[in-house]
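Student: Below you will find the structure I want to go over with you.
The values are calculated or read from the model by the stated rules, or taken from the named source; none is laboratory data. From a predicted model like this one, the values you see are computed outputs, not experimental measurements. Here the Cβ positions follow ideal geometry from the backbone for every residue, glycine too, while neighbour counts run over all protein chains shown. The area values use the complete protein model at the heavy-atom level, side chains included, leaving out ligands, DNA and RNA. Shrake-Rupley method; radii C 1.70, N 1.55, O 1.52, S 1.80 Å.
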Amino acid sequence: DTGFEEPVSFHLVQTSSFHNHSWVHVGSAWFGDLQTHRWNSSSNTIIYLYPWSRGNFSNKELIGLEKFFYVYYNEHQDFYIYQLMFKDIFDLQVTAGCELHSGKSWVGSVHVAIQGHDFLSFQNETWSPSPKGGRKAQNACRLLNLKEAYKHRVYMLLSDTCPRFTLGLLDAGKALLQRQVKPEAWLSSGPSPGPGRLLLVCHVSGFYPKPVWVMWMRGEQEQLGTQRGDILPNADGTWYLRATLDVSAGEAAGLACRVKHSSLGGLRTLDSPVEMFGPFKLTMSVTKSTKCEKHGTH
C-alpha cells in the first residue's frame, strides 16, 4: 500500500523533430501530473527539478540511466532515418513508463507515435505495430524484435527500474506528493448566452491532489447542463477548474455549485449557493460558503 490516493505512475515523454537533416529532442519525466525531470540535450544529462527527484537511486544508477538515454537518442535517430527510411520532415512522440494497477501489480509500456498517429508499442517483451502504422510499423517491429538484448533491457527498465524509482520518488517526495490542499470556490457571471439568460460560472481553485468533482446542483439534483473545463495547473502546483451553467434568469434561484474533494474530509463537499433577491449582483468570499446574490435596489 503506497498510501497515495491517486494512481501511482511515472512516465517519460519524448518529442523529437527531424527537419533540415537535423534533430531536436525534448525529453521530460512525470510523476502523475507533476513534472519531476527534464532532459538537457546540450550536455546529455538529466535535470532534477526537485531536491527529491533523485528518489533513492545511487549516483551510479542515475549516471547509468543518463548513458542509456544518450545512446538511445543516437540509435533512435539512425533507426528511423537509415533503417526505416523516414524523410524530412517528421515528428516523433514517445511515452514510456509504468503504472501501479489497483495497488497490486505494475504495468509498463512504451507507445510511439509519428505525426501524432499511433505507430508501435512495447509490452510484455514484444514490440507490436499499430493497425494504422502500415508497412513501416510492421518493419520496425520486425527489426526491433530481433534485438533480444535491447528488448530485454527495455523490459527490465519498465518492469524493475521504473517501479523501484517511482516508489523511491513517492517516499522521498511524499511531503509534497501526498499533501492535501482544500479548494476555494467563488461564483461569477460570464457573457450572457442570450436575452433573459445567465451564464453562471463556478471557479474552484487551489486544490491538491488533482481529482475533483464539481457540479451545479438544485437541491440534491445534478444539473446535467453543467459544462466543466479542463483542470489547469496553478503556479504553486495546485489546480484550477471552472464549471458553467446556462440558465434563464428566473431559474437561477436555488442553484448551488457543489465541490467534492479528498481534502475536505467528512462528506468531502463544499457548496456555493446562488441566492436571488432582486437585481443581479455578485459578492465574492474565500470561505466555504461563497455566494452569488441579488440585492434589492434602494
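Student: How many residues does the range 32-43 hold that are open to solvent by 50 Å² or more (accessible area, probe 1.4 Å) and not in a strand (DSSP E or B)?
Tutor: Qualifying residue count, the range 32-43: 4.
Student: Moving on to the next point. In the range 165-208, which residues are of a type in the set (Ser, Thr, Tyr) and under 18 Å from Gly250 (Cα atoms)?
Tutor: Selection gives Ser188, Ser189, Ser192.
Student: Is it true that Gly55 is in contact (Cβ under 8 Å) with a residue 60 or more places away in the chain and open to solvent by less than 70 Å² (accessible area, probe 1.4 Å)?
Tutor: yes
Student: On the basis of being within 26 Å of the chain's Cα centre (by Cα), modelled with pLDDT under 90 and surrounded by 14 or more Cβ atoms within 10 Å (Cβ to Cβ), does Phe69 make the cut?
Tutor: Considered against the rule, which asks whether it is within 26 Å of the chain's Cα centre (by Cα), modelled with pLDDT under 90 and surrounded by 14 or more Cβ atoms within 10 Å (Cβ to Cβ), Phe69 comes out as no.
Student: Modelled with pLDDT of 95 or more, assigned to a loop (DSSP other than H, G, I, E, B) and of a type in the set (A, V, I, L, M, F, W, C): does that describe Trp52?
Tutor: It is true that Trp52 is modelled with pLDDT of 95 or more, assigned to a loop (DSSP other than H, G, I, E, B) and of a type in the set (A, V, I, L, M, F, W, C).
Student: Determine the pairs where a residue that is without any contact (Cβ under 8 Å) to a residue 40 or more places away in the chain and open to solvent by less than 40 Å² (accessible area, probe 1.4 Å), located within the range 239-255, has a partner that is among the basic types (Lys, Arg) and outside any strand (DSSP E or B) with Cβ atoms under 6 Å apart, the partner being 6 or more residues away or on another chain.
Tutor: Short answer, once both residue conditions are applied: Trp239/Lys210.
Student: Now a separate question. Among the residues that make up the range 2-16, is at least one of them surrounded by fewer than 16 Cβ atoms within 10 Å (Cβ to Cβ), among the acidic types (Asp, Glu) and either closer than 21 Å to Gly116 by Cβ or over 26 Å from the mean Cα position of the chain (by Cα) (or both)?
Tutor: Checked the range 2-16: no residue is surrounded by fewer than 16 Cβ atoms within 10 Å (Cβ to Cβ), among the acidic types (Asp, Glu) and either closer than 21 Å to Gly116 by Cβ or over 26 Å from the mean Cα position of the chain (by Cα) (or both).
Student: Return the residue satisfying two criteria in turn: it lies in the range 83-107 and is modelled with pLDDT of 90 or more and within 21 Å of Ser16 (Cβ to Cβ), and of such residues it is surrounded by the fewest Cβ atoms within 10 Å (Cβ to Cβ).
Tutor: Asp91
Student: To continue, here is another question. Do you know which of the residues in the range 220-236 that are assigned to a strand (DSSP E or B) and open to solvent by less than 100 Å² (accessible area, probe 1.4 Å) is modelled with the lowest pLDDT?
Tutor: Ranking the candidates gives Pro233 first.
Student: So Glu99 ticks every box in (1) within 30 Å of Arg142 (Cβ to Cβ); (2) among the acidic types (Asp, Glu); (3) more than 17 Å from the chain's Cα centre (by Cα) but one. Which box is left unticked?
Tutor: (3)
Student: OK, next. How many residues are out of contact with any Phe, Trp or Tyr (no Cβ under 6 Å at 6 or more places or on another chain), in contact (Cβ under 8 Å) with a residue 12 or more places away in the chain and not aliphatic (A, V, I, L, M) if we restrict to the range 190-231?
Tutor: 17
Student: Has the range 57-64 got at least one residue that is of a type in the set (Asp, Glu), in contact with a helix residue (DSSP H, G or I) (Cβ under 9 Å, 6 or more places away or on another chain) and outside any strand (DSSP E or B)?
Tutor: Checked against the condition, which is being of a type in the set (Asp, Glu), in contact with a helix residue (DSSP H, G or I) (Cβ under 9 Å, 6 or more places away or on another chain) and outside any strand (DSSP E or B), the range 57-64 yields at least one hit.
Student: Here's a follow-up. So Val24 ticks every box in (1) surrounded by 13 or more Cβ atoms within 10 Å (Cβ to Cβ); (2) under 30 Å from Leu232 (Cβ atoms) but one. Which box is left unticked?
Tutor: (1)
Student: Which condition number in (1) open to solvent by 50 Å² or more (accessible area, probe 1.4 Å); (2) within 26 Å of Gly173 (Cβ to Cβ); (3) free of Cβ contacts under 8 Å to residues at least 24 places away in the same chain is the one that Glu75 fails?
Tutor: (2) is the only condition that Glu75 fails.
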